[in-house]
Amino acid sequence: MSATNAENYTECILSDLRDSIARIDESIVQLLVDRVKIGQQIAMVKCSADIPIHDAEQESRVIQRSVKRAHDLALPDDDVRKLFCRIIGMTRRAEYGVS
């Protein structure tokens, strides 16, 4: 295989892999949208029942569950913990927006 053919082949593979990551990124964003919408529904139910929106124990359970799953899949615990703290924060802000 010539150098040019090898470069073209490499670029083709990289392009396919980057397209795969782009599709995954789109899915992640859609899942975040779905999560925020469900969080808003939870906030509405809590408001109707006069229950505080913030539930630190539930947030802790979500983080623990996610970190355990990440650990089982050989992902870095600390990175996943930080990621879920950010996701929960985003959802919480949306929940308070409907109260």
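The values are calculated or read from the model by the stated rules, or taken from the named source; none is laboratory data. None of these values were measured; they are calculated from a predicted model. Cβ: placed from backbone, ideal geometry, glycine included. Neighbour counts: every protein chain shown. Calculation scope for accessible area: heavy atoms of the full protein, side chains included, ligands and nucleic acids excluded. Shrake-Rupley method; radii C 1.70, N 1.55, O 1.52, S 1.80 Å.
Things worth noting here:
- Acute angle (nearest 10 degrees) that the helix 56-72 long axis makes with the longest principal axis of the chain, alpha-carbon atoms: 20 degrees
- Whole-angstrom Cα spans of segment 1-92 along principal axes, big to small: 71, 25, 15
- Net charge dipole size for the chain [Lys, Arg +1 and Asp, Glu -1 on Cβ; Debye, nearest 20]: 440 debye
- Gaussian network model of the chain, Cα within-10 Å springs - most flexible of ILE53, ILE63, ILE21: ILE21
- Taking the protein heavy atoms of the chain in the context of the full set of protein chains, the accessible area attributed to carbon and sulfur is 59 percent at 1.4 Å.
- Acute angle (nearest 10 degrees) that the helix 3-48 long axis makes with the longest principal axis of the chain, alpha-carbon atoms: 10 degrees
- Relative to the longest principal axis of the Cα atoms of the chain, the long axis of helix 77-98 lies at roughly 50 degrees.
- Relative to the compact-globule estimate of 2.2 N^0.38 Å, the Cα radius of gyration of segment 49-99 comes out at 1.30.
- Accessible area in square angstrom per residue, the chain, 1.4 angstrom probe: 77 Å²
- One chain, two ends: ARG93 and ASP78. Fully extended at 0.36 nm per residue, the span grows by 3.1 nm beyond their Cα-Cα distance.
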